[in-house]
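For reference, the structure is listed below as structure tokens.
Every number here is computed from the coordinates shown, using simple stated rules; none is lab data. Bear in mind that the values here come from a model prediction, so they are computed numbers and not experimental data. Quick reminder, even Gly has a Cβ in these numbers, built from the backbone with ideal geometry, and neighbours come from all protein chains shown.
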Number of protein chains: 2
Amino acid sequence: MIATPVWNQATFEGLISRRGTSMKASTIRELLKITQHPDVISFAGGLPAPELFPLADISAAFERVMAHYGPAAMQYSTTEGHAPLREWIAERHSIAPQNVQIMTGSQQGLDLLGKILINEGDVVLVESPTYLGALQSFQPYLPQYLPMPTDDQGIDVMALDKLLANHKGKAPKVLYTIPNFQNPTGITLSLERREQLLDLTLRRGILILEDDPYGQLRFTGKGLPSLFELALKRTGDIEKVNVVYCSSFSKVLVPGMRDAWVEAATPIILKLIQAKQGADLHTPTVTQMMVTELLPDVLPRQIETVRRAYGQRAQHMIAQMKQFFPQSAQYTVPEGGMFLWVTLPRTANTAELLPRAVARKVAYVPGTPFFALGGGEHTMRLSYSSATPEQITTGIQALGDTLRDVLE
Amino acid sequence: MIATPVWNQATFEGLISRRGTSMKASTIRELLKITQHPDVISFAGGLPAPELFPLADISAAFERVMAHYGPAAMQYSTTEGHAPLREWIAERHSIAPQNVQIMTGSQQGLDLLGKILINEGDVVLVESPTYLGALQSFQPYLPQYLPMPTDDQGIDVMALDKLLANHKGKAPKVLYTIPNFQNPTGITLSLERREQLLDLTLRRGILILEDDPYGQLRFTGKGLPSLFELALKRTGDIEKVNVVYCSSFSKVLVPGMRDAWVEAATPIILKLIQAKQGADLHTPTVTQMMVTELLPDVLPRQIETVRRAYGQRAQHMIAQMKQFFPQSAQYTVPEGGMFLWVTLPRTANTAELLPRAVARKVAYVPGTPFFALGGGEHTMRLSYSSATPEQITTGIQALGDTLRDVLE
């Protein structure tokens with residue numbers, strides 16, 4: 001008999017698919033390890049404020065679900081999702097429940113959309129910077145990213161049109177955007193730009209993936225219709241709408257139950273169902289039922305609570321930045337959501353700066369990982385959502401001192 | 001301005017990736033729709049018995065989790081999974097918790113293993129028949145399936161060795177197997193075959209994906225070590241073990257919380273973490289904590305309860321089949337799990353037969369979808385797990401009558 005070969009690290013690594021090899025350990029995760037000391041004030045995470053979670057309501061919802069559904073709450077359930085939850089979501093946009101697919105977090109929506117849409121080498125348009133998690137979801141499907149020109153109103157559609165007119169190679173297939181209070185920049189796409197973006201994508205045959213986890217969390221300014229709503233209004237028929245809408249209960253209720261959804265035309269939904277069968281069969285039954293219980297009363301109240309708190313925290317953070325940041329540091333002023341974006345002079349490097357900030361007991365996320373093709377070494381993301389006013393005061397002063405050391 | 005093109009079904013379908021196009025609507029789902037009348041006795045589903053669910057214990061676990069963890073139970077958590085849950089799983093096999101990855105159902109384990117391992121055209125060895133859900137998970141990664149010869153002791157390893165010696169083209173990379181009470185056949189791989197399979201795969205550089213959702217549910221015969229345990233014993237070091245072990249709490253507790261796991265060497269686990277970040281960030285926090293609460297007392301008791309009930313149901317079903325099935329129908333006699341497998345004479349077609357069975361108010365799953373490359377038109381899967389003794393008596397008689405109509 002032939003000697004048994006030894007299996008070792010190299011053997012295993014040799015088995016990894018090209019897709020698997022393309023996934024990289026998140027540099028951000030490594031960086032953030034140094035920020036996890038309890039006495040460091042962290043503006044790095046993207047966590048909703050846990051002290052605002054409606055825990056008593058959630059417990060009551062669990063009890064009602066168990067009393068009403070009994071074992072069905074713990075049994076396998078349909079891939080499409082809990083029917084009353086799909087119906088509630090559908091009604092808000094006056095679409096059919098069949099056009100709603102429940103997902104295990106928005107992240108699963110992005111993964112499965114990538115899976116059913118992206119061939120290797122397909123061109124995906126992304127904001128620059130964009131949500132790091134979307135890049136992680138799409139990456140295994142080996143797209144080519146084409147970053148879109150953006151300014152303080154979001155995607156610069158006129159510039160994008162020119163870019164695409166001059167674009168050599170494959171025409172873009174998919175455009176990924178977070179129009180409301182974007183992660184990481186906090187920027188909101190203006191109404192005029194939304195209409196322009198629909199014109200451009202319809203004309204060029206591009207499917208928009210609209211990611212809207214924060215849309216309900218506007219604390220100032222006037223609410224804007226989503227791209228999906230605008231497209232639905234134009235066509236009057238979801239089966240002609242070139243926008244796939246993704247949203248989630250993670251930011252307006254709690255993230256730990258992992259309940260999110262996708263709204264789309266039927267051919268997309270049918271493929272998502274097939275993809276989800278292979279991906280996790282279905283989203284946990286009991287948490288879908290619990291979220292459904294919370295919709296009529298708790299959700300609107302909770303949105304109001306979170307919105308007010310985040311508005312105060314953002315305002316406070318900006319006031320502190322105005323006072324303690326050096327003049328050369330620029331930052332966005334979000335109208336909602338959880339994040340703002342700081343741009344330092346080009347000589348600064350926020351990854352290198354992080355240990356110095358941590359030494360002063362404050363942390364942030366360096367900007368580079370949010371850029372599909374790299375860059376943004378002089379940028380950083382700050383989250384105000386889960387920091388108390390005191391932490392914001394102390395943390396922003398400490399960060400201001402850190403920046404001043406380097407910039408002045 | 002150029003006229004806006006109309007988006008319609010063809011536009012959307014034209015955007016679907018090759019991977020997406022390769023996914024097919026499950027014929028089984030369509031077939032099973034006719035079986036869902038409340039007065040049809042269904043042996044078709046693969047559902048655990050809901051009347052055995054430990055609902056009071058689950059409610060108590062939820063209360064304890066909320067009291068102990070508070071908002072942390074509803075917050076984002078780590079991709080790797082709830083630490084105490086990983087520790088408990090690791091301890092059973094005396095491995096490090098770092099070699100355990102929590103999954104949102106075993107189905108996610110299969111999906112992500114496919115994602116990190118399978119390049120288009122890679123050869124995947126599968127039992128024939130095999131678990132339909134595994135085929136659904138792997139399919140989007142576009143493998144070539146190579147069905148393995150099997151008999152009533154599971155994979156025929158000697159025949160497999162010959163098959164591989166004569167195999168032209170790419171060498172197989174991955175071998176997927178359910179050694180205990182296989183889905184769909186109920187067959188268990190013998191100990192001798194397990195050792196042979198390890199020899200063969202080590203020699204040929206093949207990674208085994210061992211799927212073991214039913215292993216704890218043995219109701220007769222002697223328990224066998226898993227392939228993973230055998231390999232671990234041989235090498236004494238998980239970093240040299242060519243078996244990835246997948247299991248789940250779905251069949252021994254409840255499936256609706258979607259808690260499962262993978263045990264593997266570090267290079268595999270590290271890639272799974274990266275893949276899971278992009279797939280759903282993490283498994284729901286609260287359900288992981290609830291399962292952990294149930295481990296010390298409820299789980300062993302529940303395994304005993306389920307094992308005894310399924311043993312009685314299997315025995316009863318087989319007794320009824322002996323009495324009421326025509327002589328020409330052959331069937332497996334499982335030592336555990338939820339399924340048995342019926343083989344009719346080759347002239348029979350179980351898909352065509354299904355409406356006649358449903359007319360007699362009984363249902364099963366036709367065998368063909370379980371074969372990676374088709375075939376098995378004369379086979380069917382029966383599940384006894386969620387049927388009462390009365391339903392088994394009535395249902396098997398009705399099915400016997402249906403078979404007799406055709407076969408005699």
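Numerical summary
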| read-out | value |
| --- | --- |
| Shielding score for B:93-104, defined as the mean number of other chain Cβ atoms within 10 Å | 1 |
| Shape call, the range B:272-408: gyration tensor on alpha carbons, a/c limit 1.5 | oblate |
| Other-copy label distances relative to A:Pro326, 7 angstrom Cα-Cβ extension, nm | 8.9 |
| Of A:Lys276/B:Lys24; A:Lys240/B:Lys33; A:Lys115/A:Lys276; A:Lys173/A:Lys240; A:Lys24/B:Lys271, those spanning more than 20 Å from alpha-carbon to alpha-carbon | A:Lys240/B:Lys33 |
| Reachable lysines from A:Lys222, criterion Cα separation under 21 angstrom, eight or more residues apart if same chain | A:Lys233, A:Lys251 |
| Estimated inter-spin distance, B:Asn8 and B:Glu120, nm [label 7 Å along Cα→Cβ] | 2.9 nm |
| Given charges at beta-carbon only (K, R positive; D, E negative), |dipole| of the protein assembly as shown in Debye | 1040 debye |
| Mean projected area (nm²) of the alpha-carbon convex hull when the range B:55-295 is viewed from all directions | 12.8 nm² |
| Residue (of A:Trp7, B:Gly46, A:Thr343) at the positive-pole extreme of the protein assembly as shown, dipole from beta-carbon charges | A:Trp7 |
| Most mobile of A:Asp57, A:Asp211, A:Asp297 in a GNM of chain A (Cα contacts under 10 Å) | A:Asp297 |
| Cβ-vector label at 7 Å, A:Pro84, separations to other copies in nm | 3.1 |
| Signed unit charges on C-beta, dipole axis of chain B, positive-most listed residue B:Ala231, B:Ala314, B:Pro143 | B:Pro143 |
| Phi-based couplings in Hz for the range A:131-145 (Karplus 6.51, -1.76, 1.60; Gly and Pro marked x) | 5, 3, x, 5, 4, 5, 5, 7, 3, x, 8, 6, x, 9, 8 |
| Net charge dipole size for chain B [Lys, Arg +1 and Asp, Glu -1 on Cβ; Debye, nearest 20] | 560 debye |
| Inter-chain shielding of B:109-120 (mean C-beta neighbours from other protein chains, 10 Å cut-off) | 5 |
| Eligible lysines near A:Lys170 by straight Cα distance, threshold 17 Å, same-chain separation 8 or greater | A:Lys162 |
| 5 angstrom amide H check on A:Val244, placed H, neighbours 5+ away | A:Ile208, A:Leu209, A:Glu210 |
| Label spacing, shortest first and in nm, from B:Gln9 to its equivalents in the remaining copies (7 angstrom along Cα→Cβ) | 5.4 |
| Under the span-like rule (Cα at least 18 Å along the axis, Kyte-Doolittle mean at least -0.5), DSSP H helices of chain B | B:55-69, B:105-117, B:266-280, B:389-407 |
| DSSP beta bridge pairing in the range B:55-295, given as percent antiparallel to the nearest 5 | 40 percent |
| Other protein chain Cβ atoms within 10 Å, averaged over every residue that makes up A:237-244 | 3 |
| Rounded Å value of the spacing that divides the Cα centres of the range A:276-304 and the range B:201-264 | 32 Å |
| Nearest-0.05 FRET efficiency for A:Ser190 and A:Thr78, computed from C-beta distance (R0 51 Å) | 0.80 |
| Residue-averaged 222 nm ellipticity for the protein assembly as shown, from DSSP H runs of 4+ at -39500 (n - 2.57), nearest 500 | -13500 deg cm²/dmol |
| GNM top mover of A:Pro184, A:Pro267, A:Pro334 - chain A, alpha-carbon springs below 10 Å | A:Pro267 |
